[in-house]
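Dropping the structure in here first, questions after.
Derivation of every value follows stated rules applied to the coordinates shown; laboratory data play no part. Quantities reported herein were computed from a predicted structural model and do not represent experimental measurements. Ideal geometry is used to build each Cβ from the backbone, glycine not excepted, and the neighbour counts take in all protein chains shown.
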Amino acid sequence: MSILTKQISEEIINSIILAQSDGLLPDFDLPDHIHLSNPKQIEWGDYSSAFPLQMSKQLSLSPISIAESIQKKLISNTMFENVTVSKPGFLNVTLSVDWLCASVEAVLEKGSSFADLQEFEGKEAQVEFVSANPTGPLTVGHGRGGVIGDTLSNLLTSVGYKVTREYYYNNAGRQMQILGESLRIRYLQSLGRDLSLSEHHYQGDYLVDLSTQLVDNYGDSLVESHWKEFTKIAEENIASQQHSTLSDLNIVMDILYNEQSLYEDGSVDNVIEILKSKGLAYEKDGALWFALTILGGSEDRVIVKSSGDPTYRLPDISYHCNKLERGFDLVVDVLGADHKDSFPDVLLGVQAMGYDSTKIKLLMHQFVNIKGQRMSKRSGNYITLDNLIEEVGADVVRFFMLMRTSESHLDFDVDLAREQSEKNPVYYVQYAHARICSILDRAESIVANDSDKVIINLTHESERVLMRKLLELSDTIDRSVRELSPHYLTNYARDLASSFHAFYGACKVLDVENIQLSKSRINLVKAVQIGLLRALELLGVTAPESM
RNA sequence: GCCCCUGUAGCUCAAUUGGAUAGAGCAGCGGACUUCUAAUCCGCAGGUUAGAGGUUCGAGUCCUCUCGGGGGUACCA
């Protein structure tokens, strides 16, 4: 099944061609797509296009006359019940009930993949997300990135990509030493030694918890151990906790990419050599600088400090080259706003290394602000992702994280999220599914074991809207992928649920007085269930059968 | 100082990338369950889209300036 608006667009273009061959319209270069929007007034139909307005100047014709010429050819199309032209020069189409019914029948035939697209069949994509340092528990910000990345991965899969979910495991550099030292000090404190952390050490309670575990398991046998031993223990422990947190959110990574390996296999040195040989790296003040200004960047940056340690930009460049070397057609970095500045530098580095950096896309998200009574910050501690999941549940976390566009700040209202009531949009959507299940259970007793998929004559306005909304899932998936904006899916799920609830209120599905109509409505409800389940599946939210 | 994001109803946000009379939810008010789940539905009210200019048939959306909020601006990641 193809995208709904694309089908309409093709019909309009065909009508333009017909109008041209009849001399109703002059010849002009046809666009490959007619842009359609959902008009605000019911009398303007299901979709409308401003195409006649846009072409008016070029063709030296009035918008109305262009629209009327297209209308003359489009009106006989059985896909449409009505084609109208309105004031400044809009072309409006109303889908025919027969066409809608037949399309919904096709949903039943195709099942849950009905809205999937084959556009990127055979292509491979990599989505890198979360990529937290193994130095502490995941934050709610990581949670946002995680949910965005995972849902985007689902979406990319639904348009044909083979997707690799990847977590860049940042376990090299000085921060790991600090982690080891911090744990060592906590451990010695647990044994009663009078020591304290410095300002730069990791202050969180999680290292205290870990150190008491160490005392329980090893007693004082680790007293003489080097910080490196403690780093190893802390890293393993924290990483496994991070992944257990992610798995609570239904997120499973395919690959944990180890930063350390970039040093071990010489990739990082290779980047230095190539940049040097191209005259893009130079020594100054004992450090090695990347000459970004030559490549159009805003300013040169240090890639190897005078201490001999690389800055994060260097392994980042190396890592992104490695991604492209693995042959991905699309690489998406899901990053928090704090990383935004370095992204262009990495792209320039990748380009300088001779790779096609246009395959790498950025999906940046802003931070999460936690609002609510019981989640107020305790002294010295911040709210972890674990706390949040425990407080409101995984479904709610996933849904709320995807309610806003990723580039806007997200106010996470914990009081609202915790509320199991009509105020909570997650339950609104899930309740629609539970209602559907309930209807379908009862349907068995009225129309026993009926396997035919016929849908006819669903003419009520709420039925029309519901059918159209269901068929728009393909548009939503397409747009979410095109714009790397998974939040459209959340809006879609709410809209579809809303259309269903309105239909439920207006139309009795199970009506013993009218078996034929009941059969069609039951089939419609089955199709809506398929669509709603699919949307929730892509969002990673469960669909309870009763509530 | 400079760069990026952002400012829309009392609150939280949409608005299909420049289209028609700016839409939802919550909060407020009024209706609808002896009838498929009332975690629902229907209706009312709520706006100078921060402000001022500009671009054009047409601006919440684009350009300039001013004012608020956030982030960055490291030889941290």
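Run the numbers for A:S198 and A:E537: contour at 0.36 nm per residue of separation, minus the present Cα-Cα distance, in nm.
Gain on extension, A:S198 to A:E537, equals 117.4 nm.
Moving on to the next point. Between A:Q20, A:F129, A:W99, whose Cα lies farthest towards the positive end of the dipole of chain A when Lys and Arg beta carbons carry +1 and Asp and Glu beta carbons carry -1, centred on the Cα centre?
A:Q20
Further question: Considering only C-alpha atoms, what is the centroid distance from the stretch A:59-131 to the stretch A:147-197, in Å?
After rounding, the separation between the Cα centres reads 45 Å.
For A:K453, which lysines qualify as cross-link partners when the Cα separation must be under 17 Å and same-chain residues fewer than eight apart are set aside?
Once the sequence-local lysines are set aside, what remains near A:K453 is A:K110, A:K519, A:K526.
Let me ask you something else. Which value in deg cm²/dmol, rounded to the nearest 500, describes the helix-derived mean residue ellipticity at 222 nm for chain A, given -39,500 (n - 2.57) per DSSP H run of n ≥ 4 and division by the residue count?
It comes out at -16000 deg cm²/dmol, rounded to the nearest 500.
Still on this model: Rounded to whole Å and sorted largest first, list the principal axis extents of the Cα atoms in the stretch A:116-262.
Taking max minus min along each principal axis of the Cα atoms, the stretch A:116-262 gives 64, 29, 28 Å.
Same structure, new question: In terms of Cα to Cα distance under 19 Å, which aspartates and glutamates are near enough to A:K87, apart from those fewer than 8 places away along the same chain?
Within reach: A:E43, A:D46, A:E68.
Mind grabbing the base-10 log of I(q)/I(0) for the stretch A:40-181 at q = 0.12, 0.13, 0.15, 0.18 Å⁻¹? Debye formula, identical points on the C-alpha positions, no solvent, two decimal places.
-0.79, -0.83, -0.91, -1.01
Calculate, for A:S96 and A:D248, the FRET efficiency according to 1/(1 + (r/R0)^6) with r their C-beta to C-beta distance and R0 56 Å; round to the nearest 0.05.
For A:S96 and A:D248, the calculated efficiency is 0.75.
At a Förster distance of 56 Å, what's the computed FRET efficiency of A:T78 paired with A:E419, Cβ-Cβ distance as r, to 0.05?
Rounded to the nearest 0.05, the efficiency is 0.70.
For chain A, compute Rh as the Kirkwood radius over C-alpha pairs and then the Stokes-Einstein diffusion coefficient at 10 °C and 1.306 mPa s; write the answer in µm²/s, rounded to an integer.
Using the Kirkwood radius from Cα pairs, D works out to 59 µm²/s.
For chain A, what is the charge dipole size about the Cα centre, in debye to the nearest 20, if Lys and Arg each add +1 at the Cβ and Asp and Glu each add -1 at the Cβ? Please list the in-between numbers first.
Details: 50 positive and 76 negative charges, 200 e Å.
About 960 debye.
Working out 0.36 nm times the residue gap between A:K284 and A:V447, then minus their Cα-Cα distance, what length gain in nm do you get to one decimal? Don't skip to the end; give the middle numbers.
Numbers: separation 163, 0.36 × 163 = 58.68 nm, distance 8.17 nm.
Extending this stretch completely gives an extra 50.5 nm.
Where a Cα-Cα gap under 19 Å defines reach, which aspartates and glutamates qualify for A:K232, not counting those fewer than 8 residues away within the same chain?
In chain and number order, the partners are A:E181, A:D205, A:D209, A:D216, A:D220, A:E224, A:E259, A:E264.
Using +1 on the beta carbon of Lys and Arg, -1 on that of Asp and Glu, and nothing else charged, what's the dipole of the stretch A:1-82 about the Cα centre, debye to 20?
Values: 5 positive and 10 negative charges, 33 e Å.
That gives the stretch A:1-82 a dipole magnitude of about 160 debye.
Hey, rough spin-label estimate for A:A106 and A:S225, points 7 angstrom out along Cα→Cβ, what's it come to in nanometres?
6.3 nm
Next question, about the same structure. With the dipole of chain A worked out from charges on the C-beta (+1 for Lys and Arg, -1 for Asp and Glu) around the Cα centre, which of A:T139, A:F400, A:V85 lies farthest toward the positive end?
A:V85
Now a separate question. Sorting A:I303, A:I42 on the 10 Å Cβ count, fewest up front, what's the list?
Working: A:I303 25, A:I42 11.
So the residues, fewest neighbours to most, are A:I42, A:I303.
Could you tell me how far the Cα centroid of the stretch A:299-337 sits from the Cα centroid of the stretch A:239-291, in Å?
Centre-to-centre distance over Cα atoms comes out at 6 Å.
Moving on. Under 37 °C and 0.692 mPa s, how fast does the stretch A:214-332 diffuse according to Stokes-Einstein, given a Kirkwood radius computed over C-alpha pairs? Answer in µm²/s, whole number.
The calculation lands on 186 µm²/s.
Step through the table entries A:K359/A:K469; A:K469/A:K508; A:K278/A:K340, compare each Cα-Cα distance with 29 Å, and write down the pairs that go over it.
The answer is A:K359/A:K469.
Could you give each residue of the stretch A:318-332 its phi-based ³J(HN,Hα) in whole Hz, using Karplus coefficients 6.51, -1.76, 1.60 with θ = phi - 60°, and x for Gly or Pro?
Result, ordered by residue: 4, 4, 6, 4, 4, 4, 5, 4, 6, x, 5, 7, 9, 10, 10 Hz.
Projected area of the stretch A:4-94, taken from the Cα convex hull and averaged over every viewing direction, in nm²?
5.3 nm²
Note the full-extension length gain between A:S408 and A:D27 as 0.36 nm times their separation in residues minus their Cα-Cα distance, in nm to one decimal. Numbers along the way, then the final one.
Working: separation 381, 0.36 × 381 = 137.16 nm, distance 4.42 nm.
So the chain would gain 132.7 nm between A:S408 and A:D27.
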